[in-house]
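Read the structure below first, then the notes.
The values are calculated or read from the model by the stated rules, or taken from the named source; none is laboratory data. Values in this document were obtained by computation on a predicted structure and should not be read as measured data. Cβ sites come from the backbone with ideal geometry, for glycine too, and all protein chains shown count toward neighbours. SASA here: full protein model, heavy atoms, side chains in, ligands and nucleic acids out. Shrake-Rupley method; radii C 1.70, N 1.55, O 1.52, S 1.80 Å.
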Amino acid sequence: MNIKNYINGEFLSPINENYIDNYNPSIGEVYGTIPNSTKEDVALAYKAASDAFPEWSNKTLEDRSRILIRISELLEANLERFANAEAKDNGKPVSLASVVDIPRSASNFRFFANAITQFSSESHESIGLGAVNFTLRQPIGVVGCISPWNLPLYLFTWKIAPAIAAGNCVVAKPSEVTPMTAYLLGEICNEAGLPKGVLNIVHGLGQTTGQAIIEHPEVKAISFTGGTATGAHIARTAAPMFKKLSLELGGKNPNVIFADSDYDKMLTTTVRSSFANQGQICLCGSRIFVEESIYEQFKKDFVKKVSELKIGNPFDNDTNVGALVSKQHLEKVKSYIDIAENEGGRILYGGNRVVVEGSENGYYLQPTIIEVGDNKCVLNQEEIFGPVVTLMSFKTDKEALLLANDVKYGLSATLWTNNLNRTMQFSKQLNTGIVWVNTWMLRDLRTPFGGQKASGVGREGGFEALRFFTEPKNICIKYE
Ligand code: NAD
């Protein structure tokens, strides 16, 4: 499978004819190539987007909406093909890709197809001054969308759909680690009748292709999801150029469990919030804090349930935990497990690579549970982004809240309790962009999505995304 760039509705080789390998992580083998695009390819994509902008931004909302709905329908019609491609490219179980990644990618298009028809702006009458103000919300122009490898098509489309719904044209780059479904999306866009140049997908490395997008003087907004260090670099580059920036970055989310919660529901969900997608979801609850009175019981039950998870090839129907995304990432995650003891941690379960029969070179790792004694340890402060969680007990609400907030990140938090006052106190005082109470990853696409502190700047989702992808302009009309 040799991937090409999607520019002006056509599939093009990179100008320099340079390619990089694309791996199938479940068997640890190269199965294709992707363009190693340069700034010349990005310039070509920009030109196509810029040429398409006048017509696209003047299309009626109904026309734009109809095309986005069509993309969504075509994704649904091709669900199996896309889910298989995602599993092969990323290592995630195909069972997960077919119920989460691909349906959600289709929903992203459908949601913003509908949202744009309901989006409105404000007017302010200046009473006594004989004037009325109204705000125009105009598309920005050509915008850049850059996404990571953990939920490849899901996060790619979460940016592209609102950007084009709002009338912008896009130069987008998926992760070089998982480019396949973004490539396939180009075909769907053509079939759905998306005009040429509205969406352009350029493949390649972050430091070259990504860098060319963020540095391009005419790309006026950057929507980025990825690591915190990359986000800081993008901000350093793009902020002095006065680009609009949306940064969705790393997380180290607390999962705070009180004895008064619904135990069975909490336990089942905690297994999922720890290890879904091999723990490679920015929203996974990787720091688990449990009230002392149920700590020993929880530890025993959690280890038992996690030991029942089946690690295997993503294409086996009964696989719960697939392969990690790359060899490099596997080594990074393993390096944290290797320092557990020095950090005062005790491995309660897992910690080792797994050899899967028939897929011996795949990047498999046991789901790993580490008991720690101090929230200041590296395992609790740095984002590992793999199938590794830590456990700690706490005695009081105050202590739990301090532990939960004592980290540089602030993406999401999960709280398990049936106490209403505690729910409200924690909801108000947790320094995160999202708080889930007695659930995890329940998503309503209208809600603001994003993080505080080192987890990012700005919010995606619903009208927040449409506001980001439009420029407000106030018009003040004086009348006699
Ligand atoms: P990454 O930062 O390495 O890469 C993300 C994207 O940025 C890739 O497409 C990459 O090629 C590109 N990139 C890298 N350097 C660049 C540069 N100089 N200029 C422009 N683009 C550049 O992140 P990753 O390893 O792909 O993804 C994992 C990270 O993403 C984790 O930290 C995770 O928490 C985070 N994440 C956050 C959210 C969220 O919503 N907050 C969601 C998913 C993942």
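Shown are SER147, SER126, whose ranking by accessible area with a 1.4 Å probe and every protein chain present, most to least, is SER126, SER147.
Put simply, the chain fits an ellipsoid with semi-axes of 38, 29, 19 Å; these come from the alpha carbon gyration tensor as the roots of five times its eigenvalues, largest first.
Taken per residue, the accessible surface of segment 254-444 reaches 42 Å², heavy atoms only and a 1.4 Å probe. Apolar share of the accessible surface for segment 1-130: 50 percent from carbon plus sulfur atoms, 1.4 Å probe. Reported to the nearest whole Å, the Cα centre-to-centre distance from segment 241-275 to segment 151-184 is 24. Expressed as a whole percent, the accessible surface of segment 375-437 that belongs to carbon and sulfur atoms is 52, based on a 1.4 Å probe.
Measuring r between the beta carbons of ASP264 and ASN361 and using R0 = 30 Å, the FRET efficiency lands at 0.20.
PRE reach from ASN421 (point 7 Å along Cα→Cβ): which of segment 392-410 fall under 15 Å by backbone N? Hits in segment 392-410 for ASN421 at 15 Å: 397-398. Calculated mean residue ellipticity at 222 nm for the chain: -11500 deg cm²/dmol, from DSSP H runs with n ≥ 4 weighted as -39500 (n - 2.57), summed, divided by the residue count and rounded to 500. Taking label positions 7 Å along the Cα-Cβ direction at both ARG353 and THR208, the computed distance is 2.8 nm, reported to one decimal. Using the average count of surrounding beta-carbon atoms within 10 Å as a protection proxy, the listed peptides 37-47, 186-196, 223-233 rank, highest first, as 37-47, 223-233, 186-196. Once the convex hull of all Cα atoms in segment 254-444 is built, its volume per residue stands at 116 Å³. Structural descriptor for segment 286-409: relative contact order 30 percent, calculated from alpha carbon pairs under 8 angstrom and at least 6 residues apart.
Subtracting the Cα-Cα distance of LYS332 and LYS300 from 0.36 nm times their residue separation leaves 8.7 nm of extension gain.
Take segment 1-110 with all the other protein chains still there, run a 1.4 Å probe, and you get 43 Å² of accessible area per residue.
Taking Cα atoms only, the orientation of helix 180-192 departs from the longest principal axis of the chain by about 40 degrees. Excluding ligands, DNA and RNA, the accessible surface per residue across segment 139-253 is 25 Å² with a 1.4 Å probe. The angle between the Cα long axis of helix 152-165 and the longest principal axis of the Cα atoms of the chain comes to about 30 degrees, rounded to the nearest 10.
On C-alpha positions alone, give me the angle between the axis of helix 420-429 and the longest principal axis of the chain, in degrees, nearest 10. For helix 420-429, the angle is close to 60 degrees. As a size descriptor, the averaged projected area of the C-alpha convex hull of segment 1-133 was calculated at 12.2 nm². Taking the inverse of the mean 1/r over every pair of distinct Cα atoms in segment 39-99 gives a Kirkwood hydrodynamic radius of 14.3 Å. Spacing of the modelled spin labels on ALA229 and VAL378, each 7 Å from Cα toward Cβ, amounts to 1.3 nm. Close amide H pairs (under 5 Å, H built 1.01 Å from N) link LEU348 with ILE369, ILE370, GLU371, residues at least 5 positions away or on another chain.
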